[in-house]
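A quick write-up on the structure given underneath.
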Amino acid sequence: MKTGGTKGPLSNYRILDFGTAVAGPMVGQVLADMGGEVIKIESRAHIDGLRQGWQGKDRPPSLENQPNFHNANRGKLSVTVDMKQPRGVALIRELVKQSDAVTENFTPGVLDRAGLGYEALKKIKPDIILLAMSSAGAYGPLKDVRAYAPAVTSLAGLESITGYAGDPLPCMGTFAYGDFNAALHGALAIVAALRYRNRTGEGQFVDLSEWEAAATLVGEAMMDYVMNGRVMAPQGNYHPTMAPYGNYPCRGDDKFVSIAVKSDEEWQALRGAMGDPEWAKAREFADGFGRLSHREELDKRLAEWTTNHDFYEVSEMLQEVGVAAAPVLNIEEQYRDQHFQERGAYAQVEHPVVGREVLSGPAWKMSQTPCAVTRSAPLLGEHNQYVLHDLLGLSEEEIGRLVEEKVIY
C-alpha cells in the first residue's frame, strides 16, 4: 500500500527520486503534491547540496533547516542508501521492482555507471519509467557540460532579452527560473508516460534537456527572427504594441502598480478613471501609434497621477473600468493578500526540527482528485524503517548490519 500524502490523482503511484539541488527535487515535489508516494534516495556519503545551503543568520548550521530544501522536498519520504556500494545498488534495484517511475538530474551516465541506467532498470521492471534531466540532454556535443540555472536560461536565449533597453549588459536571472521551468516539464512528462504505460503496458525513457525546456520560453523572439529577421534585444518595460505599459510609482515607499493598455477603448477608460486630465487629451496620445511614439512622456504623465494614490486603490479604480492593473506586491504583501488567503494558496505543516512552516500549495484546484501539501520535507533517513523493513522486508538485524557497514548511511 503506497502512502502518498493525499488522495490526489497520483495516490496509487510510487516514484523513486534521485533528484539533487533544485530541478530534480522539484519534479518529485509536484508529484508528491499530486498524491504520489515519492521516496527521496540520498546518503550522508553524498549530501544533497540543498541540505547544506545557506541557513539564515539566526539559525545554527544543520542539515534539516535549509529553506530551499524544505520547499523543493516537501511531501516526500527519505531513505539513506549509498548507491556507490554494491549492496546499496541491490537495495535500490529491489525498490525499483515496487515502483512506477524513477527521476534523476545527474550528469548523463551517472546512473549507468552505477548499474541503474534505463537498460538495467527495465530488465528489473519492464514497464518502469525513467526521467533523466540534465542541462543539455543525454546526447549531443554539450551533453557533459556543467551548468547551473543561470547558464540554462543563458544558452536558451532568455538572458539576451532581459534587461534595460540600450544597456550593453544583459541581466542574469538570479532566480533559478530554468530549474523550476524544467521541473514542471519533467512532472508533465512523468504523468504522460504513466498514462501511456497504463494504456499499453510499456514504460519508457524520458530524456529532458533543461536548456530545451527554457528555449520554449522565448518562442515569440524566435518567431520574430525566423519570420522577420529581427534579433530581439532587452527592452525594459517597453512593449511593441501596448502603451501605457509598465510599473508606475504609487503613494508610499517602494510601492508600484502594473498597468497595461491594449486598445483605444481601454485608453479612454483610463482617461476617465483619472478624471480626463487635459494632458491626456493631447493629439499625440489619441491613438495607439501616437502613444507608442511618445511613451516616455506618457509614462511620466501617468506616474504623476499614480503617485498620489495607494497601489490597491489604483488597481481597483482601473479594474472597475476594464483596464488591466494590479499592485506590485512584495513577498509579505503577497502572503497576506486576501485573494491568496481565501484560495488557500499556502499550506501549513509541522516540521520536526523547524516547527510550523508555511509553504506554497499546488496552483491547480481539482474537484475530484484534490492535491495538497500534507507533509513537511523529510529528515535525512527519516523513513528508513518504512522503506527497508515494511517495503523490502529486511529484518532488524539486517538493517543493523547495513547501518554498521554504512550502506544505510
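The values are calculated or read from the model by the stated rules, or taken from the named source; none is laboratory data. All of these numbers come straight from a predicted model, not from anything done at the bench. Every residue, glycine as well, gets a Cβ built from its backbone with ideal geometry; the counts of neighbours run over all protein chains shown.
Points to keep in mind about this one:
- Boolean, ASP179 is surrounded by fewer than 19 Cβ atoms within 10 Å (Cβ to Cβ) and charged (D, E, K, R): no
- Any hit, segment 382-395, residues being farther than 21 Å from VAL30 by Cβ and among the hydroxyl-bearing types (Ser, Thr, Tyr): yes
- Scanning segment 148-176 for residues that are surrounded by 16 or more Cβ atoms within 10 Å (Cβ to Cβ) and either without any contact (Cβ under 8 Å) to a residue 24 or more places away in the chain or outside any loop (DSSP other than H, G, I, E, B) (or both) yields ALA149, PRO150, ALA151, VAL152, THR153, SER154, LEU155, GLU159, SER160, ILE161.
- Among the residues of segment 62-93, just one is among the acidic types (Asp, Glu) and in contact with a Gly (Cβ under 9 Å, 6 or more places away or on another chain), namely ASP82.
- Of all residues in segment 237-248 being modelled with pLDDT under 95 and surrounded by 12 or more Cβ atoms within 10 Å (Cβ to Cβ), the one that is nearest to the chain's Cα centre (by Cα): ASN237
- You will find that of ALA233, ALA221, ALA215, ALA187, the residue that is in a helix (DSSP H, G or I), within 30 Å of ALA303 (Cβ to Cβ) and in contact with a helix residue (DSSP H, G or I) (Cβ under 9 Å, 6 or more places away or on another chain) is ALA221 and no other.
- Pairs, first touching a residue at least 60 places away in the same chain (Cβ under 8 Å) and on the phi < 0 side of the Ramachandran plot in segment 240-258, second crowded, with 21+ Cβ neighbours inside 10 Å and part of a loop (DSSP other than H, G, I, E, B), C-beta under 8 Å, six or more apart: PHE256/CYS250; VAL257/CYS250
- Candidates ALA221, ALA176, ALA182 - the one that is more than 21 Å from GLY36 (Cβ to Cβ) and within 18 Å of the chain's Cα centre (by Cα): ALA176
- Contacts under 8 angstrom Cβ, first residue in segment 71-86 being farther than 12 Å from LEU380 by Cβ, partner assigned to a loop (DSSP other than H, G, I, E, B) and acidic (Asp, Glu), 6 or more apart: GLN85/GLU405
- If only residues of segment 190-210 that are closer than 23 Å to LYS143 by Cβ and over 23 Å from the mean Cα position of the chain (by Cα) are counted, the one that is surrounded by the most Cβ atoms within 10 Å (Cβ to Cβ) is GLY203.
- Checked against the criterion of being surrounded by 14 or more Cβ atoms within 10 Å (Cβ to Cβ), in contact (Cβ under 8 Å) with a residue 40 or more places away in the chain and either over 21 Å from the mean Cα position of the chain (by Cα) or under 30 Å from ALA269 (Cα atoms) (or both), the candidates LEU302, LEU394, LEU329, LEU359 yield just one match: LEU302.
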